[in-house]
Every structure is written in C-alpha cells, then in structure tokens.
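Take a look at the structure below.
No lab work stands behind these numbers, since they all come straight from the coordinates. All of these numbers come straight from a predicted model, not from anything done at the bench. Virtual Cβ from ideal backbone geometry, glycine too; neighbours counted across all protein chains shown.
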Amino acid sequence: MLLRVMPLCVLGLVANAQEGGDLEAQILYAYHIEDANELASMVQLLSAREQAGDTATALRYHLAHTEYRLGLLGGEQRGHKAEWAFAACADELKAVIEKDPKSVETLALQGACDGNLARYRKVERLLLDARSLERLASAAKLAPHNPRVVYLRAVDGLMRYKLGSTENQVAFEELQQAAQLFEQAPPTNPDVPGWGQAEAYLELGRQLQIRGDVLGARNWIEKSLLVAPHFKAAQRQLGTVARH
C-alpha cells in the first residue's frame, strides 16, 4: 500500500510546483505587457482561493507578488489603486513572516511593498520606511547573494536617495551586483521564486543612461528584452536610447 501511495504524493508535489511556476509566469507576463486588468483578475482569483481555506505560503506569496506588480503599474496617475495594492501586498505577507521570520523571499517582497507604500502615506512614512529598511536588511543578511534581494535593496536605495549622493552610488553598485548575480544564477525550481531578472537589467540600463553611458544602457536593455521580449517598459526605454 505504501508503494502505491508514494507516487501519488510525488505527483502532488510536482503538480504544486508546476502551478507555482505557471502562476509566476502569468504574473510576469501580465506585468510586462502592462495588463492591469489581468493582474486585478488574478488578485480576485487568488483571494477567492485564500478565502475558501487555502492558506498555503506559496499562495500568499503569489497573491502578494501580484498585488506588488499591480501597485507598480498604478504609479502616480492611479495613486489610490497603487497605494491599495502595496498595502495589500504588505498585509498579505504578515502571516507568512509570523510563521517563518527567516523567509528570505517574503522579507524582501514585504520590504519592497512597504517602501513603495511609504510614498503614498505621509503620516506613516517614517514607520513604513523603517520597516522596509529592516525587512530588506534582514533578507540581505540571510541571503547576501540572492539576486532578487540585492535587486530590491538597490531599487529601494535608488528611489530613496538623490542622484549624486553617496547612498545613491552604493545603490547603483548594488544594482550592478544584482545584474551579475542574475546572470550567474542557475535556473530555479518552479516552486521557488525566480522573477526580477528582466527588471534588474532594465533598471541598470536606465541608470547607465542617466549617467551618460549610452552603449552600456543599450546593452542591458537589450538583455532585458532577451529575457522578456514583450516587456513594454524595456521597449520604450530602448527607444529613448536609440534617439541619442
């Protein structure tokens, strides 16, 4: 009987892992083509599963990741929607961190959501900023060579500190490190987060362009499009580089 049950367990694990990989791919594709409606639909679907009793860590993480992407697409033009999405992302991950305070991916993602949320909530800004920095620092201490952690710390620093400051330069160097780490990273399993590569390459291209390195900017933006050919933000950025 045990021999008959074990294959079913293995099949279940494989199915869950495959679903995780498929969900991440759907989230990234919707974000890259800037389909906010699709991301909102995914939030509703995953929320419904959670309300129906599915409280798996992986589901919570995918839901928070979807909300994070929705917040990024919201931007300043849809500030209220972006604020809601970042707040939902941070709240979704609280239970995960309470259960596992050393969950690197969760700490990093919540830090990113809190950091973005601070831009919209002036009254809570100091608290949110402090928690964001603490979460990102904890993740970096636990996994200093995780490319997503390094990337999210870099983006936070670039957003937080003015161009030309020492802190901004440190963040830029972290971004360069993140790009290199993504290039060296082996393929991840479907049940392990693997996102951030195309975004890190694009951000490095942007920062190089700001600093006057047009050839370097083009190189990294083109690499971003090799990873994600439908990445609209990268397509637009490449167009601005071509005009120089």
Sequence of L28, L133 once ranked by neighbouring C-beta atoms within 10 Å, starting from the fewest: L133, L28
Zero-based 5 Å bins, Cα pair distances in the range 145-244, whole percents: 2, 15, 24, 22, 21, 11, 4, 1, 0
Sparse-neighbourhood loop sites, trypsin sites (Lys or Arg not before Pro) in the range 78-113 - DSSP loop, at most 12 other Cβ within 10 angstrom: K102
Charged-residue dipole, Cβ positions (Lys, Arg, Asp, Glu), the range 16-131 about Cα centre, Debye nearest 20: 460 debye
Residues R131, R49, R211, sorted so that the one with the fewest Cβ neighbours within 10 Å comes first: R211, R49, R131
Helix axis angle, 166-184 relative to the chain longest principal axis, alpha carbon, degrees: 50 degrees
Acute angle (nearest 10 degrees) that the helix 57-74 long axis makes with the longest principal axis of the chain, alpha-carbon atoms: 30 degrees
Largest-first ellipsoid semi-axes for the chain, taking √(5λ) over the Cα gyration tensor eigenvalues, angstrom: 30, 21, 18
